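Have a look at the structure below before the remarks.
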Amino acid sequence: DFPLLRPAPGEGPTGRLHEAIRGVLAERGASFFAEILDAVGGGLHRPVLEALWDLVWAGEVTNDTLVPLRGFLGRRAADRRASRPLLPFRTRRHLPPSAAGRFSLVPRPDGRAAPTPTERLTALAGQLLARHGILTRDAVAAEGVPGGFAALYPILTALEEQGRIRRGYFVAGLGGSQFADPGALDRLRELREETAENPAAVLLAATDPANPYGATLPWPKEGERLARVAGAHVVLVDGRLAVYLSRDERELRVFLPEAEPARSIVGRAAASALASWALRTGRAGVGWSPDEAVPASRGALAPFLVAAGFQPFGPGFRLRPASGQDRAAAALRTVNRGAPGKGELADPDGAPPGEAS
């Protein structure tokens, strides 16, 4: 669907640096960032890199590796921790990770007429259905679709009349205008019965489309400071929010069931997911904010974090270097026991398993 979804010619960024980068890539083809920087006049790298990424987000430029994407996503967190000013670089060895690889223009198909507005909206509806499974008014609003739900509604209605998707009241509390992919409904019915002994725990970036909270679903009423912001993470256990970890891992907000044994089952699964993520990404400390009324080290998740390999450290926790690995692996195996494929972590930072972001 990319040819139908990409911006039409003339809709992309139009700044001086954007035009200069387009010209360089059109003339030279795939180029390293250092070559692009020299070709547009040199100087500080940040304005040129930001203009280049504007073109990437507009669907005009691509790269031959995923390394710069990971570098771009991790750059803001790194910038917040860095105290020294950014300096211009002169060799490729000093390039930031978001400038790695070779950048090139995305080729446009020759001889193909520009898609009509209906074709564009149909492709967009298909993408959103594939992403969300069940598409609601709030989900469309969270995606920032031009024209909102009203623009997609005629397309979704036509797809439903053709029998390609279904319409109904599938999830309580989300309004009557719900459209779903048939496969998503089948999966939803399979998950109707809870697997209390073997819950599926997944840790995601708060902004991940797979996190329904703050988009399709509202945040818990007691979560007044929760938001879908870069750097924050959530732990979902069987699809329910169990933990919200703020950016920089300062605040640990916990949402466990009140009754046993569900409370202990969800707590163990959530703590195991946090431990596994901390090991893979090198984030040893969590919940270290001194401003919380109840410190994380004395909170509801505390005993489960200790069992997963963390140890109290000030108001929060840090992962024990050696024994923490063994305990986290054992805890994750406990979650997975008897349920292959469950308890696995979706990488919230885009890195493959075993690679720190």
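Values quoted throughout were computed directly from the atomic coordinates according to the rules given, and no laboratory measurement underlies them. Because the structure is a prediction, the values reported are computed rather than measured. Because the Cβ atoms are built from the backbone with ideal geometry, glycine has one as well, and the counts that use them run over all protein chains shown.
Shown for Phe33, Phe310: other C-beta atoms within 10 Å of each C-beta, ranked fewest to most, produce the order Phe33, Phe310. Looking at segment 123-228, the chymotrypsin sites (Phe, Trp or Tyr not before Pro) that sit in a DSSP loop and have at most 16 other Cβ atoms within 10 Å of their own Cβ are Tyr169. In this label model, Glu160 and Gln311 are separated by 5.8 nm, measuring between points 7 Å along each Cα→Cβ vector. With 0.36 nm allotted per residue and the present C-alpha distance subtracted, the Val294-Leu105 stretch has 62.8 nm of extension available.
Between segment 140-214 and segment 242-261, the C-alpha centres lie 24 angstrom from each other.
Classify segment 136-218 from the C-alpha gyration tensor, please: rounded if a/c falls under 1.5, else prolate or oblate depending on whether a/b exceeds b/c. Oblate.
Of the GluC sites (Glu not before Pro) found in segment 219-312, those that fall in a DSSP loop while having at most 16 other beta-carbon atoms within 10 Å are Glu222, Glu224, Glu258. Between Ala230 and Ala58, the simple label model (points 7 Å from Cα in the Cβ direction) yields a spacing of 1.9 nm. The label-point distance for Thr65 and Arg131, in a model that sets each label 7 Å from Cα toward Cβ, rounds to 2.8 nm. By other beta-carbon atoms within 10 Å, ranking Thr216, Thr65, Thr157 with the fewest at the front produces Thr65, Thr157, Thr216. The GluC sites (Glu not before Pro) of segment 1-75 meeting both criteria, a DSSP state outside H, G, I, E and B (loop) and at most 15 other C-beta atoms within 10 angstrom of the site's C-beta, are Glu11.
Listing Val106, Val40, Val254 from fewest to most neighbouring C-beta atoms within 10 Å gives Val106, Val40, Val254.
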